[in-house]
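Q: If you scroll down you'll find the structure; I have some questions about it.
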Amino acid sequence: MTTEDRRAPAPDPGAPHMEHNDRLDLPESEWRARLDHDEFRVLRREATERPFTSALNREHRNGVFLCAGCGAELFRSDAKFESGTGWPSFFEPIAGAVDTKRDFKLIVPRTEYHCSRCGGHQGHVFSDGPAPTGLRYCNNGVALRFRPAPGSDRETRPNTPGRED
Ligand SMILES: [Zn+2]
């Protein structure tokens, strides 16, 4: 085994390719099969959903927000706040859950962030958020699933294969 092996294309495009750090690296055809049209456009094409369209804007129960692509836990409900922007907003992600990159799609550069496991685009982070971080993670609702904490009034079943912990 050499380091060359890691650059070799996956021999079976149908099999999820799990890398170190539990990364989920799927071919585009597989993402198209797993995601609906809007999810694919946001998660894999960095599209932005129209504001005030996500039911998660009004989600106020205790729980965890998961990546709609791979089920990774991205935000806790106690980090959610009302930004008035029309997108679910958080002042901090779960540690290590998202990675950022600079985004020059607009004239003013923005900081894009995405799920650190599957690379799925989630939204952009701005520096006008509330205490304690002063950050505003402006997230596409279609890129998230909500999993209520045990004892919450209503149970929704995210489309993810089981829990990890
Ligand atoms: Zn993900």
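The values are calculated or read from the model by the stated rules, or taken from the named source; none is laboratory data. Everything numeric here is computed off the predicted structure, so don't read it as measured data. Here the Cβ positions follow ideal geometry from the backbone for every residue, glycine too, while neighbour counts run over all protein chains shown.
Q: Out of the residues in the stretch 77-118 that are within 16 Å of the ligand (Cβ to nearest atom) and charged (D, E, K, R), which is nearest to Val64 (Cα to Cα)?
A: Arg117
Q: Here are some residues: Asp38, Asp22. Which one is within 30 Å of Asp78 (Cβ to Cβ), modelled with pLDDT of 95 or more and charged (D, E, K, R)?
A: Answer to the check: Asp38.
Q: Which residues, taken from the stretch 73-124, are within 19 Å of Phe146 (Cα to Cα) and among the polar types (S, T, N, Q)?
A: Selection gives Ser77, Ser83, Ser89, Ser116, Gln122.
Q: Can I ask one more? I'm told Gly84 meets every condition in (1) touching a residue at least 12 places away in the same chain (Cβ under 8 Å); (2) assigned to a loop (DSSP other than H, G, I, E, B) except one. Can you identify the failing condition by its number?
A: (1)
Q: Looking at the structure I just gave you, is Glu59 away from the ligand (no atom under 16 Å from the Cβ), buried (at least 17 other Cβ atoms within 10 Å of the Cβ) and farther than 14 Å from Tyr137 by Cβ?
A: yes
Q: Give the number of residues within the stretch 119-142 that are within 13 Å of Pro93 (Cβ to Cβ) and within 16 Å of the ligand (Cβ to nearest atom).
A: Looking only at that region, the number is 4.
Q: Would you be able to say whether some residue in the stretch 40-54 is assigned to a loop (DSSP other than H, G, I, E, B), under 30 Å from Gly151 (Cα atoms), more than 16 Å from the ligand (Cβ to nearest atom) and of a type in the set (Phe, Trp, Tyr)?
A: yes
Q: Here's something else I'd like to know. Report yes if Pro161 is at pLDDT below 95 and touching a Gly at 6+ places or on another chain (Cβ under 8 Å), otherwise no.
A: When the stated conditions are applied, Pro161 passes them.
Q: Only one of Gly69, Gly123, Gly129 is outside any loop (DSSP other than H, G, I, E, B) and crowded, with 19+ Cβ neighbours inside 10 Å. Can you tell me which?
A: Result: Gly123 is the single residue among Gly69, Gly123, Gly129 that is outside any loop (DSSP other than H, G, I, E, B) and crowded, with 19+ Cβ neighbours inside 10 Å.
Q: Out of the stretch 87-114, which residues are touching a Pro at 6+ places or on another chain (Cβ under 7 Å) and modelled with pLDDT of 95 or more?
A: Trp87, Phe91
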